[in-house]
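First the structure, in the form of structure tokens, and then the observations on it.
The values are calculated or read from the model by the stated rules, or taken from the named source; none is laboratory data. The model shown is predicted, which means the values in this text are computed figures rather than measured ones. All Cβ positions, glycine included, derive from the backbone under ideal geometry; neighbour counts span all protein chains shown. Side chains are part of the model used for accessible areas, which takes the heavy atoms of the whole protein and leaves out ligands, DNA and RNA. Shrake-Rupley method; radii C 1.70, N 1.55, O 1.52, S 1.80 Å.
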Amino acid sequence: SLATPLSPYYGYYPQMCCDFSDNPSLNNGTHIRRTISSLSRVLDLDGVQTVHVHSIHDDLESGTFWPETLAHFPNVTTIYLNNFDEGSPLFTALTAPNPQSPQAENSSIAPHLRSLWTDILDFREVQDNVDAEDLTGTLLFKMLSSRTQAQCPLQELRICEALVRDVEQAPGTLLPRLKALVPHVEVYTFSQRHPGSGACPWLCFAGPHY
């Protein structure tokens, strides 16, 4: 399987780990926001370069949660999404503003972000040419394009599993579109069914694909 950025192989050695638990159905992540805000007063969060996001509840994926949270980590260079099916609100938060807009200067979230790792991404609507602005694959492309235009592009995109409509066509159609926006793209597996859906057949092309 695809290695993670949180391993000695990539030069990562953990120094501090903070595990936050919350009941998002009651307070929409207020406790997590307050905890991180409090930590920022006693810890140098400006020095954090890798943020690992694991199993965020859907109720947290709206509004200002991501902009407020990532604002505490201005120098993050790598974001690693684990067990994280729905990335749309995060990708929206990471989308850079139009460089021509008056609000563009110094307004990009995570301006030093260079690497995005994720265990699963859904590109099925992209292959269907569905014009839906709130779907994960569409928002990923919008985010990548906006950051390129704002001169804070990603340099690396690693996907353990890409959900696609056609596993045979995806390496020749999806990969070139991604590589046009990110210099280094790695997809370990293209799959036609979500691994947790129980649907059969579950077709996949194992990789890695570059």
Scanning the stretch 75-92 residue by residue, those modelled with pLDDT under 90 and in contact with a helix residue (DSSP H, G or I) (Cβ under 7 Å, 6 or more places away or on another chain) turn out to be E86, G87, S88, P89, L90, F91, T92
May I ask you to list the residues in the stretch 29-67 that are among the charged types (D, E, K, R), at pLDDT 80 or above and more than 18 Å from H112 (Cβ to Cβ)?
-> R34, R41
Considering the stretch 175-187, residues that are under 10 Å from F123 (Cβ atoms) and aliphatic (A, V, I, L, M), and then whichever is surrounded by the fewest Cβ atoms within 10 Å (Cβ to Cβ), we arrive at L178
Restricting attention to the stretch 30-50, the residues that are among the basic types (K, R) and either surrounded by 15 or more Cβ atoms within 10 Å (Cβ to Cβ) or within 18 Å of I79 (Cβ to Cβ) (or both) number exactly 1
Pick out the one residue from Q103, Q149 that is more than 16 Å from L175 (Cα to Cα) and at pLDDT 90 or above.
-> Q149
Residue ID - modelled with the lowest pLDDT, chosen from residues in the stretch 117-136 that are of a type in the set (A, V, I, L, M, F, W, C) and crowded, with 19+ Cβ neighbours inside 10 Å | V126
Residue satisfying all of: in the stretch 138-174; open to solvent by less than 30 Å² (accessible area, probe 1.4 Å) and among the charged types (D, E, K, R); nearest to Y188 (Cα to Cα) among these = E161
